[in-house]
Every structure is written in C-alpha cells, then in structure tokens.
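The values are calculated or read from the model by the stated rules, or taken from the named source; none is laboratory data. This is a predicted model, so every value here is computed, not measured. Note that we place each Cβ from the backbone using ideal geometry, even for glycine, and neighbour counts take in every protein chain shown.
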C-alpha cells in the first residue's frame, strides 16, 4: 500500500508541478505575502475533492458530456483571459513591495479569486478527475483510494511549499522591474492556458 501511495504522490505531483494558471496565481500571491496559508489551503482542498470525485468514478461521466466540457472550457478560458489582461496592466503600471504591504488583498477577495482560478480552469478537472481518476481505477480496492490519497497529499505539499517558499522572494520584488517580469509572466501563462483550452474545444 505504501508503494501505491507513493505512486499517487508521484503522479499527482507530476501533474500539478507543471507551470499553469493555478501555480502562477499562488506564486504571485505568495510573493505579495497575501494570505499565504488560506490560498494554498483552498487550492489543495479543491484538488483533494476533485481527486476524490475522480477516484469515485465520475471522471468517465464528465468526459462523456461534450456540451458540459465545452461550456466549462469556454467559461474558464474567458476568466483566464481577463485575469491575463489584469496582469499585463499591472506589469505596465509597475509596482514595488513595501515593508507594510503584506496582506493587502482582503480575505474575501483572496478566497473568491483562488476558487475562480482553480475551479474555472478546465485543466484542473482533466488532471484530477479524468487522468488521476482513470489511473486510480487500475488499482484494486482499496488501492484506488490509497492512490487518490497520495495524489491529494502531493497537492497539499506542493501548494504550501510554493506559497510559503515564494514569500522568501519578497526582498527581490522591492524592485519595479521584478514585478514587471512576474506580472508579465503570469499574464503570458494565463493567456497561453486560455488559448490552449479554446483550441481544444474548437478542435474537439
């Protein structure tokens, strides 16, 4: 069972560590020191819930609904596109991190933004429900649950490391150029994910 758990951690970690919209958001907020516990906790809990859904066998049901997949994809792409615009605008204006700037975003805004960038991104469902769910189905009961637990654990470890670790970069972001680079990178990632989602829907 330990080997199955580690396989779940390895597979889940491999999927979530890749640079994407969710990771870019957590990184940018971590550098700003905005709710460095709440934001990764929400991301990890959402992943754990979605992995559980996938392990329970709902992945095949969602994949079979082309209309549901397209609606979710278009809606998520629009959100990511708008978030990218906001990042590019922030990069154009330029900013720098002051010593008293920590926690500038309200808790409500942080929670809603985290939920949006997580749940409106179709790639999250593909990775958790579809891919991890299908892989977990290859293990006999209760192996699929252990595999899912390993994948969920990887999410918790990764998001907290990313959030808390990125805050160590705060001194570097006292320069406006550093902020411009980060915000531009976040915008590019958001737009690239949005375009890939739309291309997948049109191509499908």
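Under the condition of being touching a residue at least 12 places away in the same chain (Cβ under 8 Å), in a helix (DSSP H, G or I) and either under 11 Å from the mean Cα position of the chain (by Cα) or surrounded by fewer than 15 Cβ atoms within 10 Å (Cβ to Cβ) (or both), the residues counted in region 112-121 number 6. Exactly one condition in (1) at pLDDT 70 or above; (2) surrounded by fewer than 19 Cβ atoms within 10 Å (Cβ to Cβ); (3) in a helix (DSSP H, G or I) is not met by residue 105; state its number. Every listed condition holds for residue 105 apart from (3).
Of the residues 147, 92, the single one that is at pLDDT 80 or above, over 19 Å from the mean Cα position of the chain (by Cα), in a helix (DSSP H, G or I) and more than 24 Å from residue 15 (Cβ to Cβ) is 92. Every condition in (1) at pLDDT below 75; (2) at negative phi is met by residue 57 except one, and the failing one is (2). Would you confirm whether or not region 30-47 contains a residue that is under 19 Å from residue 169 (Cα atoms), within 10 Å of the chain's Cα centre (by Cα) and modelled with pLDDT of 85 or more? So far as region 30-47 goes, yes, one or more of its residues are under 19 Å from residue 169 (Cα atoms), within 10 Å of the chain's Cα centre (by Cα) and modelled with pLDDT of 85 or more. Residues being modelled with pLDDT of 85 or more, touching a helix residue (DSSP H, G or I) at 6+ places or on another chain (Cβ under 8 Å), over 19 Å from residue 136 (Cβ atoms) and not in a helix (DSSP H, G or I) are entirely absent from region 6-28.
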